[in-house]
1. Would you please put 340-349, 131-140, 480-489 in order of how densely packed they are, using the mean number of other Cβ atoms within 10 angstrom per residue and starting with the highest?
2. Which one, 413, 380, 395, projects farthest toward the positive side of the charge dipole computed for region 375-448 from Cβ point charges (K/R +1, D/E -1)?
3. Amide H to amide H, which residues 5 or more places from residue 89 or on other chains are under 5 Å from it, using H placed in the peptide plane?
4. Let me spell out the model: positive unit charges on the Cβ of Lys and Arg, negative unit charges on the Cβ of Asp and Glu, origin at the Cα centre of region 109-262. What dipole size does that give, in debye rounded to 20?
5. With +1 assigned to the C-beta of every Lys and Arg and -1 to the C-beta of every Asp and Glu, and no other charges, what is the dipole magnitude of region 84-134 about the Cα centre in debye, to the nearest 20?
6. Mind ranking 183-193, 272-282 by how tightly packed they are, going by the mean number of other C-beta atoms within 10 angstrom, highest first?
7. Given a Förster distance of 22 angstrom, what is the FRET efficiency for residue 400 paired with residue 108, based on the Cβ-Cβ distance and rounded to 0.05?
8. Which of the aspartates and glutamates could be linked to residue 444 by a straight reach, that is with a Cα gap under 17 Å, when you skip same-chain ones fewer than 8 residues away?
Amino acid sequence: MAALFPFQGATTDTQLINEQIATGANKVISNIKLLELEISKFKESEKRKWMLLGEAYYEGEQEINKRERMVIGEGGRLVANKNLPNNKILDNQYAKLVDQKVNFQLGKPLTLESENAQYVKLLQGIFNRRFHRTLKAIGQDAMNAGIGWIYPHYDENGNFTIKRFPPHQIIPFWVDSEQTMVDSAIRIYSTLVYEGEKERVVEKVEVYSTNGIEYYEWFNGRLIPDVTNEAQPYMYVEDEEVITAANWARVPLIPFKFNNKEIPLIKRVKSLQDGINVMLSDFENNMQEDARNTILVVYNYDGQDLGEFRRNLSQYGAVKVRRGDGQNGGVDTLTVNVNADNYKAILTLFKKALIENGRGYDAKDERMSNNPNQMNIQSMYSDIELDANGIETEFQASFEELLWFINQHLANTGHDDFEGEPVDIIFNRDVLINETEVIQGLEKSPYLSEETRIAQHPYVKDVQLELKRLKQEQQELMNMHDNYADTFKQLNGGGSNGKETA
């Protein structure tokens, strides 16, 4: 999308300045109209529908819940039938896949590595457990909606904090065609307000730019200025008891993408998830539908047209035929057996296809039986590893943008200027490993440093803490050795001086 808020800097073009002054009000109206147009487009867009669908499927609101049993009625038309069993069985393999991928990628805390220990300590204070919880929620957004959003800001107490915005609330306007950096953005969301004792839902709109935040309400397709909120800067700076409004040089909205196309996971597997639900529901319907398993054949009682015949067959489980042999009327049965193996085979195919198309892994894979070696484990994780590599590429780029805001915050609050300071953010994937093979491999690698060995050891969670413990143990051993040496010298006449005296 084109930028809504072009750079407004100083200019020496007198004619341009005069035009801006003369038409300033019209430009404001024009910008409002453009915002209204973009909001209307976004609310009806396919992209937002897929975002909401991904969230709904994760929460269990799936297509099977709206299913009706249809039968062929008169004239061959499909009509809903309330008399037939209509089970709505939901086996949410999609939610399992999302949780699997999020926990594989983000289940463990991040590891920060830098030669600047002070910088690492400050970052660890920001990337704490609360941030880790937020990051997992962002990962879930990225899976369900194709993109997640982080908002670094100062809260009402002046504390630097990092907040998540739901993706279906954000309309970004990008600086570049690759859509990597936000030029401005709109946030639209619903909230409850009270008018006297009555509760009312209001749609609020916030417009983010390098000039701060503007507040509106969305009413009947129009933007109305929010009289309860005036335009605000991103922060206030206090210098010698003088408080000044200030804004970031960049818009503080950072995208965390599932992939560079922002295609949500639900697009890959929706039809397979629906197929699983339908198969399970149909199987239970057929098991409960006793009258449908046995079709009654009524002889010498015809008189219905074809549409009525089909309706009676599906609704009542009976058909009427006329015999030509002159025999009297009667009733026979046709039994329809439900083959459970057919359903089981189709369900197995669907679940396997969902895992493969969603690029997850099957924890019950035959390769994991008995005592699997490391090669079997890596083979099982190959698909999810490939997808995780792509996700990590996107997230690493987003962390670079987030670090810019963190570095600005640190510089503005009396810390050193860490702009350009190298730091590695390591995603510790939750991978099942053969611990014995890994430990033996580390012991047989003579060219690795002690720190690298410890970092790769499966039992170590905090490398720096483990190095500190190891150094402490080594120091204790050295002290113990020195104590033994002193004691030995005393027992042998006071060391070298004692020997010379002797």
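1. 131-140, 340-349, 480-489
2. Working it through, the farthest residue towards the positive pole turns out to be 380.
3. The answer is 281.
4. 860
5. Here region 84-134 has a charge dipole of around 220 debye.
6. Listed from highest to lowest mean packing, they are 272-282, 183-193.
7. Calculated value: 0.55.
8. Answer for residue 444, where 17 Å is the Cα cut-off: 435, listed by chain and number.
Since every read-out is calculated from the coordinates, none of them should be taken as a lab result. Keep in mind it's a predicted model, so treat the numbers as computed, not measured. Because the Cβ atoms are built from the backbone with ideal geometry, glycine has one as well, and the counts that use them run over all protein chains shown.
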